[in-house]
1. According to the square roots a ≥ b ≥ c of the eigenvalues of the Cα gyration tensor, what is the shape class of the stretch 8-76, taking rounded for a/c under 1.5, prolate for a/b larger than b/c otherwise, and oblate for the remainder?
2. What full-extension length gain, to one decimal in nm, is calculated for Lys66 and Gln41 as 0.36 nm per residue of separation minus the Cα-Cα distance?
3. Check each of the chymotrypsin sites (Phe, Trp or Tyr not before Pro) in the stretch 6-54 and keep only those in coil by DSSP with at most 14 other C-beta atoms within 10 angstrom; list them in order.
4. Find how much the distance from Glu73 to Lys114 grows on full extension, using 0.36 nm per residue of separation minus their present alpha carbon separation; answer in nm with one decimal.
Amino acid sequence: MSYTDMQNKKIHQGRNIKRFREMLGIKQEALAFELGDDWNQKKISLLEQKETVESDILVQVAQILKVPAEAIENFDEESAINIIANTFHDSAVANTFSDGGQANFHCTFNPLDKMVELYERMLQQQKEMIEKLEVLIKNNQNKI
């Protein structure tokens, strides 16, 4: 697939919301709760089926998931796989340009450190979500 083809490929924003939500271990019900009273699990399910998500909702979801809105708008699994597949030893990445030329870039950070950092952030978000759900459950029990 050429660079131009990748640029023209349609990104499925709803599917990206689902991917990020699942990577963070957040249930649809919890995301609905964070979005407010107008939201429920079914509405989140429908949102995740939409190819294009309204920008205001996308920004809200991104804030809740604590990821940049651009990540949801632009994440393409196929491109990510291609980048990973082109990674080789010495932390260098080879990119082939449309004119046939190549450029090697030296990675200035340890990818493993970034994965650990992401994992720690995901754990913290999961802990925060559990605390919020516990408060919600407690409040609901007090109403009964």
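Quick note: the coordinates plus some simple rules give every number you see, no bench work behind them. Bear in mind that the values here come from a model prediction, so they are computed numbers and not experimental data. Every residue, glycine as well, gets a Cβ built from its backbone with ideal geometry; the counts of neighbours run over all protein chains shown.
1. prolate
2. Working it through step by step, the gained length comes to 7.0 nm.
3. Filter output for the stretch 6-54: empty list.
4. 12.6 nm
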